[in-house]
Amino acid sequence: MATVYLSAKLPSIATKILDKAKLDYEVFNGEGLITKEELLKHVGDCKVLITPLSTQVDKDVIDAAPNLKLIANFGAGFNNIDAKYARSKGIDVTNTPFVSSTATAEVACGLMIALMRRIVEGDHTMRTVGFDGWAPLFFLGHELAGKTLGIVGLGSIGSAVAKRMHAFNMKIIYTQRHQADPATEAACAAEYVSLDELLKRADVVTLHCPLTPETHHMIDADQFKLMKNSAVLINCARGPVISEAALLQALNNHEIAGAALDVYEAEPNVNDAFKKLDNVILTPHIGNASVEARDGMGKIVANNAVATLNGDLVKYVVNK
């Protein structure tokens, strides 16, 4: 068995770093996502496990790898890993923050524009029934200029969204556990408010918070009732931050006007009821799916693997 195990194929820049360091590594080359059974077969002797968000690293996997020193997660989130149990075993868990902020922010902004201006819906119309020609009241959407954008989580991604949409002349309000520093607020003229106030005032609500016990189903039936019936919701964070059952009810009851989802509560499964709604855009978790972001993530996990095996400090440990 190899010293380093990659539970998914990564950008070539990552394996080039491992090759240059002359590390003994093995890559899962099977079809689809790796199964738990397959993962357990390969971690017995490994000291470093490099894994994407889609691989669950639980107590069983950690116990099956007695020599493990590092779990390098290929992603900014790490809710797929039992990080607390890893720490009890003296194992570092790292993530790949910041490098995917631009890519995820661009997707969130793109979804806002597409949803408010009905671009995806228009594409579907042209591929099916077509149209009779330009008409004054045909296919009306809403401009973003002058609207209020509510950002839940003004971290690296949320602030990147804020800067971009401030340039669209949107008013920016945000909420999170602690108020951001004055410089961050000033960069996009952002106003700090409570979650309830944000939901009441925002024309577009976009989620950029981590998934924690506190944020699980943060947006539920009561929260949808606070929103304007003309407002839309964007989720490029984590699926379980929203109660999808409550979201479907809000959409069907016209409590909100639409939604765009890049992440899902039971990912990779998507509730078929969403697919029947014209005012919902669905994308396959592509928030940071850019060459630039994934290369940056690959560099971080590979360099952390090298550092661990050389006895050097690793970056972005999330379970200190």
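Under 10 Å from the Cβ of N319, count the other residues' Cβ atoms, weight Lys and Arg +1, Asp and Glu -1, and hand me the total.
Result for the neighbourhood of N319: +1.
Using a 1.4 angstrom probe with every protein chain in place, what is the largest-first accessible-area order of R164, R117?
Details: R164 85, R117 130 Å².
The residues order as R117, R164, largest area first.
Under the 0.36 nm per residue contour assumption, what length would be gained going from the current alpha-carbon distance of E214 and D272 to full extension?
So the chain would gain 18.1 nm between E214 and D272.
Which order do the peptides 169-176, 310-317 take when ranked by the mean count of other beta-carbon atoms within 10 Å per residue, highest first? Numbers along the way, then the final one.
On the way: 169-176: 20.2, 310-317: 12.8.
Put in order of decreasing packing, that is 169-176, 310-317.
Can you work out ³J(HN,Hα) from phi for every residue in segment 297-308, in order, using Karplus 6.51 cos²θ - 1.76 cosθ + 1.60 and θ = phi - 60°, giving whole Hz and x for Gly and Pro?
5, x, 4, 5, 5, 5, 5, 5, 5, 4, 4, 4
Please give every one of the lysines within straight-line cross-link reach of K36, meaning a C-alpha to C-alpha distance under 19 Å, and leave out same-chain neighbours fewer than 8 residues apart.
Straight-line reach from K36, under 19 Å: K9, K47, K59.
Calculate what fraction, in whole %, of the accessible area of segment 69-216 sits on carbon and sulfur atoms when a 1.4 Å probe is rolled over the protein chains.
56 percent
Considering all projection directions equally, how large on average is the shadow of the alpha-carbon convex hull of segment 97-194, in square nanometres?
8.0 nm²
Can you check what the Kirkwood hydrodynamic radius comes to for the chain, Cα pairs only, in Å to one decimal?
21.1 Å
Give a residue-ordered list of calculated ³J(HN,Hα) values for segment 120-136 (Karplus: 6.51 cos²θ - 1.76 cosθ + 1.60, θ = phi - 60°; whole Hz; x for Gly, Pro).
Values per residue, Gly and Pro as x: 5, 4, x, 4, 5, 4, 5, 7, 10, 7, x, 9, 8, x, 4, 8, x Hz.
Distance between Cα centroids, segment 180-254 to segment 276-320: provide it in whole Å.
Their Cα centres are 24 Å away from one another.
For the chain, take the longest principal axis of its alpha carbons; what is the angle in degrees between that and the long axis of helix 101-116, to the nearest 10 within 0 to 90?
Orientation of helix 101-116: about 30 degrees from the principal axis.
Over the chain, what relative contact order in percent results from Cα pairs under 8 Å that are six or more residues apart? Please list the in-between numbers first.
Numbers: 603 pairs, mean separation 62.2, N = 320.
Computed value for the chain: 19 percent relative contact order.
Using only the alpha-carbon atoms of segment 147-224 as identical scatterers, what base-10 log of I(q)/I(0) does the Debye formula give at q = 0.14, 0.18, 0.20, 0.22 Å⁻¹?
One equal scatterer on each Cα of segment 147-224 leads to -0.40, -0.65, -0.81, -0.97.
Please report, in debye to the nearest 20, how large the charge dipole of segment 28-166 is about its Cα centre when each Lys and Arg carries +1 at its beta carbon and each Asp and Glu carries -1 there.
480 debye
Rounded to the nearest 20 debye, what is the charge dipole size of the chain about its Cα centre when +1 sits on each Lys and Arg Cβ and -1 on each Asp and Glu Cβ?
It works out to roughly 640 debye.
5 Å is the cut-off here: which amide hydrogens, built 1.01 Å from N in the peptide plane, fall below it relative to A231, excluding neighbours closer than 5 in sequence?
A257
Counting heavy atoms of the protein chains only and a 1.4 Å probe, report the per residue accessible area for the chain as a whole number of Å².
49 Å²
As a test of understanding, state the convex hull volume per residue of segment 15-97 from its alpha carbons, in Å³. Display every interim value, and only then the final one.
On the way: hull volume 8.3 nm³, N = 83.
In segment 15-97, the Cα convex hull volume per residue is 100 Å³.
In segment 184-216, whose amide N lies under 20 Å from the spot 7 Å out along Cα-to-Cβ of H142? List them in ranges.
191, 193-208
For the charge dipole of the chain, defined by +1 on Lys and Arg C-beta atoms and -1 on Asp and Glu C-beta atoms about the Cα centroid, which residue among L149, T128, N303 has the Cα displaced farthest towards the positive pole?
N303
Quick one: of the DSSP bridges fully inside segment 124-270, what percent are antiparallel, nearest 5?
Of those bridges, close to 5 percent are antiparallel.
What ³J(HN,Hα) values, in whole Hz, does the Karplus curve 6.51 cos²θ - 1.76 cosθ + 1.60 give for segment 229-241 when θ = phi - 60°, with x put for Gly and Pro?
Taking θ as phi minus 60°, the curve returns 6, 9, 7, 10, 10, 10, 10, 10, 9, 9, x, x, 5 Hz for segment 229-241.
Beyond 29 Å, how much of the Cα-Cα pair distribution for segment 129-280 remains, as a whole percent?
Pairs farther apart than 29 Å: 19 percent.
Between segment 97-113 and segment 136-162, what is the C-alpha centre distance in whole Å?
Measuring centre to centre over Cα atoms gives 13 Å.
Regarding segment 26-182, what is the average projected area of its C-alpha convex hull, in nm²?
Computing the convex hull of the Cα atoms and averaging its projections yields 14.2 nm².
Considering the chain as a Gaussian network with a 10 Å cut-off on Cα pairs, which listed residue, I119, I81, I62, attains the greatest mean-square fluctuation?
Evaluated over the chain, the most mobile residue of the options is I119.
For the chain, what does -39500 (n - 2.57) per DSSP helix run (n ≥ 4), summed and divided by total residues, give at 222 nm, in deg cm²/dmol to the nearest 500?
Helix-only estimate at 222 nm: -10000 deg cm²/dmol.
Could you pull out every residue, at least 5 positions away or on a different chain, whose amide H is within less than 5 Å of the one on K171? Hs are placed 1.01 Å off N in the peptide plane, and Pro or chain starts have none.
Here the answer is G146, K147, T148, L149, since their amide H atoms fall under 5 Å of that of K171.
The values are calculated or read from the model by the stated rules, or taken from the named source; none is laboratory data. This one's a predicted model, so the numbers in the text were calculated from it and none came from an experiment. Counting neighbours? That spans all protein chains shown, and the Cβs are built from the backbone with ideal geometry, glycine included. Heavy atoms of the whole protein, side chains included, go into the accessibility calculation; ligands, DNA and RNA do not. Shrake-Rupley method; radii C 1.70, N 1.55, O 1.52, S 1.80 Å.
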